[in-house]
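The structure appears below as structure tokens.
The values are calculated or read from the model by the stated rules, or taken from the named source; none is laboratory data. If you're wondering where the values come from, they're calculated on a predicted model, not measured in any experiment. Heads up, the Cβs are rebuilt from the backbone with ideal geometry, glycines too, and the neighbour counts pull from every protein chain shown.
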Amino acid sequence: MNETNKLRVLLADDHQIMREGLKLLVNQQPDMEVIGEADNGCEAVALAEELKPDVVLMDVSMPEMNGYKATMKLKRLDPQIHVLALTRHTDEGYLQQLLEAGASGYVLKKSASKMLIEAIRAVVAGGTFIDPKVAEKVVGGYVNRRASGGESSFAGLSNREIEILRFIALGYGSKEIGARFQISHKTVEVHKTNAMRKMGMRSRIDIVRFALLKGWLQET
């Protein structure tokens, strides 16, 4: 948090009317302020480097550089930055792309403004926020694929593996998790690999699916 104790928000959307609405909504919050606006991905990356916002509201579909590529670039430049994807797309494929790129949240543009504010606060606090309309599809698909074998249990995971999966789902990187548990990031990766193998997981979105099912993301 900055010295004014307000969350600094950068808006990235190629539609001016959308940005104006978001700016009005954010600036109405006593603990938030919009510090910059971008109408394409390239500008979003440049402004984020310059202004150091707490969170970037990132449209998925933008010219010059889309939200997926902009998120990847931002997270490489500053792993601590929080990116909240804002989109019309309910397709799980878009969610997977953004999560793999490093986004901490995914909110549909048609959702209530109250939910967006809740999402901003959640990701800045270190959590992961997924729009309930998308989360239902994600969890539903996971349950349907896993129901016959009962893999919704912890399938022999150690306590350390469970904790590491939980922190990965919350958006923490291997170095941050390693520092928390006082182990190397390579050891974190070993635990992650073993846990994913035991659970039949292939990517971060599988970890997020499991976290949603277990209610981990609602605990933040």
Study note, to complete from the structure: When restricted to Gly36, Gly41, the only residue under 12 Å from Ala12 (Cβ atoms), in contact with a Leu (Cβ under 7 Å, 6 or more places away or on another chain) and modelled with pLDDT of 90 or more is Gly36
Practice item. Output the residues belonging to region 97-122 that are farther than 21 Å from Asn27 by Cα and in contact with a Ser or Thr (Cβ under 7 Å, 6 or more places away or on another chain). Key: Leu98, Glu100, Ala101, Gly102, Ala103, Ser104
Check your understanding: Restricting the search to region 162-193, which residues are assigned to a loop (DSSP other than H, G, I, E, B) and of a type in the set (Ser, Thr, Tyr)?
Key -> Tyr172, Ser184
Exercise for review: Would you check if there is a residue in region 194-201 being part of a helix (DSSP H, G or I), under 25 Å from Ala122 (Cα atoms) and modelled with pLDDT of 75 or more?
Suggested key: no
Revision key, fill the gap. Reported set for region 122-139 where residues are buried (at least 17 other Cβ atoms within 10 Å of the Cβ) and under 22 Å from Leu74 (Cβ atoms) is Ala122, Val123, Val124, Gly127, Thr128, Phe129, Ile130, Asp131, Val134
Practice item. Could you grab the pairs with beta carbons closer than 6 Å, sequence gap of 6+ or different chains, first residue in region 185-202 and without any contact (Cβ under 8 Å) to a residue 24 or more places away in the chain, second one surrounded by fewer than 14 Cβ atoms within 10 Å (Cβ to Cβ)? Key: His185/Lys175
Review point. In region 176-196, is there at least one residue being in contact with a His (Cβ under 7 Å, 6 or more places away or on another chain), surrounded by 14 or more Cβ atoms within 10 Å (Cβ to Cβ), of a type in the set (Ser, Thr, Tyr) and not assigned by TED's automatic domain parsing to the domain that holds Gly102?
Key: no
